[in-house]
1. In the chain, what % of DSSP beta bridges are antiparallel (nearest 5)?
2. For the pair residue 265 and residue 476, how long in nm is the line joining their label points, each one 7 Å along Cα→Cβ?
3. Shape verdict for the stretch 352-411, please, from the Cα gyration tensor: rounded (a/c under 1.5), prolate (a/b greater than b/c) or oblate.
4. Give the peptides 171-184, 214-227 in descending order of average Cβ contacts within 10 Å, highest first.
5. How far apart, in nm, are the 7 Å Cα→Cβ label points at residue 190 and residue 484?
6. What number comes out for the charge environment of residue 534, summing +1 per Lys or Arg and -1 per Asp or Glu over other residues with Cβ under 15 Å away?
7. Hey, for a label at residue 610 modelled as a point 7 Å past Cα toward Cβ, could you say which residues of the stretch 559-575 have their backbone N under 12 Å away?
8. How tilted is helix 401-410 with respect to the longest principal axis of the chain? Cα atoms for both, answer in degrees (0 to 90, nearest 10).
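Please treat every number below as a calculation from the coordinates, not as lab data. All values derive from a computational prediction rather than experimental measurement. Positions of Cβ are backbone-derived with ideal geometry, glycine not excepted, and every protein chain shown enters the neighbour counts.
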Amino acid sequence: MTNLLKNVWRSLLRGSQLSNSSIRSTNFSNEIARNKSPDAIMLSIKTAPSTSDVLSMVQANLPLMTHKHMLQALRSIFELQKASKYDKDTIAIVKDPTFNILCQNFKKHARALDVTEAIEATKVLSYLKVPVDSLIVQTMLQIIRCNINMLNIQQIIFLDFILSQFNGKNHLVDALKLALPLAFQIHLPLEIDNKDLPLLREMLLYSCTHDLPDRCINNVVTGLLLNDQAINVQTAKSIIWALCLINCTEEFFPTRSQLLHICCDILTQSIDSLSYEEVLRTAARLKARILDKHPEYYHQQLIDAIGDYVVNNDIPFEKGLLVARILSRIAHTHLALVEYLCKKAILEPDTLSNARTNILFGFINCLANNNFTPEPEMWKELRRQISENPVLNCTNAALPWTKICLELASLGHYDDRVLKRVFSKEFLDEFLSREDNVLDYLQLLTLYEAVRTFHSDEYVVPEDVLQKAKEMYPVHSSPSPVSDYLAKGLGGPEYMAKNVVLPSGIVADFVVCLKGGYPVELPAISSKLKVPIEDLNPPQRSIIVCIMNFNQGCFSMNSNRLRGPFRLIVDILEKQGYATVAFNVNEWMRTPAHERTPYLLREIGYKCGEIGLKLSVT
C-alpha cells in the first residue's frame, strides 16, 4: 500500500492521471486548476459544491497547499456530507486515493497545527469513520495530548464527545479520556461563568456523566440556581437528565434537590413542547432513580403531566403503553392514561389479539397495577382480544404465567386454558424448580385461593406444594409499632392477636374478634411466630376482623389505592367471611402520634359499618 501511494504521488507531481476513478473533468475543477494563488485555492475549496470537487481541488493544487488549505478541505468535506440528503457514503471518501494523499500530507504539516485545529481535524476524521489507529488520527490525538493543558472547558467537553465516537479500544484514546476530567476540574473554577446558562448546562452534564467530585458539581448547580428564572423547558430537561446520574438526596445535597424540583416544575408546565422520545426518556430516567430508592426524584405533578402528554397528544397505543408501563413500575396511578389505552385498543379490534407478548403482558400489568377494570362493554371487548392472542396457547414455562393469571384474576378474568396449564403437575415441577422462588410460591398460593373463591373449585394443587407455599407466607420481621397503638385503642393487648394464619394460608397481621360490636378477649398464645386461627377459639357468631398493614409498595404512590393483586387478597378474605381492613402503614406513620390510635379505630369502624355493625370500645 505504501509503495502504491508513493507511485501515485510521483504520478501526481508529473501531472499524470491518478486513476480512472479519480479523474475530475468538470468545468469547475479545470477552471480552478489554472489559478494557483493560495487565496484562490482557499476560496475554491470553500465554495466547492460537492465532496468530489473538494478532492479535485486537493488533487490539482496539492504542491501549493498549506496546512490551512488542507484543514479547510477536511472542513468542507465535513460540511458537505452533513448537508447532503443523499450522498452519505463516508466509506467511499475514506477509500478515495486522493483523500489518503490529503491525510498523508496533512500529517506532514502536523508541527504547524495548533490544538484547536487538531481538534477540528479529529472531529472530521471521526465523522468520516477514519479508523482510530490510523496514522492521521493518532497524529492529531498526540498533538492534543501534548497540549491538553491549553484546552478550555468547551474544548474539553467537545473533545470528550468526539472520543466517544471512535470504535474499538485505543491506548491514546483511553489516556485522553482519563486526562480530560482532571483538566476539567482544574479549569472549572477559573472558567465558570454564572451568566452563561448554556455553558453551565453543559458543565453539569459533563460533571455528572464523569462522576466528578461533589465540589465541582455543586459549583455548577449553584450557578444554575442563580439563573432559575431563565431556564427553559429544553434546559430543564437536560438538567434533569444530568441530575438523574448523581445523588440528589435533600439531606446531603439540598441545592441539587432544589434545582431538580425547579426543573421538574418547569417541565410540568411546558411538557407539550417536548417530543415523545424526550418525554419517554425523561420518564425512564426518573423511574430508574425512584426504583433505586431515591424518592426525591418522584415529582407527582410531573409524572401526572407525562401521563397527560400521551392522552393530550393522541400518542399511538404501543408508544403510550411504554409510558404507562413506566408509571406502573413506580406505582403511579393515572386512570385517564389507562382508560385512554383501553379506548385505543378497542378502536383497532386486533390491537391485543395480535400484540407481541411483552405488549400484551404489559397492558395487563398496567390494568392490574392501576386497579382499573374498564366499563363492562369495554372490558368484554378487551377480554375477547386478550383471549384470542395466540401467546395464551404457549407452553413456555419461562413466561410469567402465574403472575399474568394473578393480574387477570384481580380484574375478574379467568382463562381456563391457562389455569389448567398453570396448575398442572408438569408446569409446577418446572416452574417451581427455579432458584429464589419465594415470590413464585406466594403468587401461586394467592392465585389458587382466588380461583377457588371466585371461579371454580375443580383445580387442585399438590398438597406438598400448597403446604410449602403456606409456610413461605411472610410476616413482618420486626415488631410493628401498630401493635401498641391498636392495643391501646381496644383496651389492652389481650383483645388482639398478631400474625394469625388463616385456613387459606394467608397471614393477617392482626386479628380482632368482635361480638355485638365489642372486642372479645382472646386466649394468651405462646410466642409463636405464626398463630393458627384455630388456636384463638373465637366465639360462635362473632365477627373476625383481619387487619392488614400493607406497606407503601402495595399502594399507589399518588393515592391510597391498593394495587390490584393486593386488593385481590382483601377480596379473598372478605369472600371467605372475614371483615378485612387494609391500611397503608407508611401513611399511618406520617400522622402525629396522638392521632394514630383514632386512625386505626376509624378504619376498623368503617369496615364494621359496611357489615351493619357498630364498633364499641372503651
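1. Working: 12 of 20 bridges.
Taking every DSSP beta bridge with both residues in the chain, the antiparallel ones total about 60 percent.
2. 3.7
3. oblate
4. Details: 171-184: 15.6, 214-227: 18.4.
Going by the mean number of other Cβ atoms within 10 Å, highest first, we get 214-227, 171-184.
5. That separation, rounded to one decimal, is 6.0 nm.
6. On the way: positive: 470, 528, 530; negative: 535.
Taking every Cβ under 15 Å from that of residue 534, the sum is +2.
7. Output list for this probe position: 562, 567-575.
8. 60
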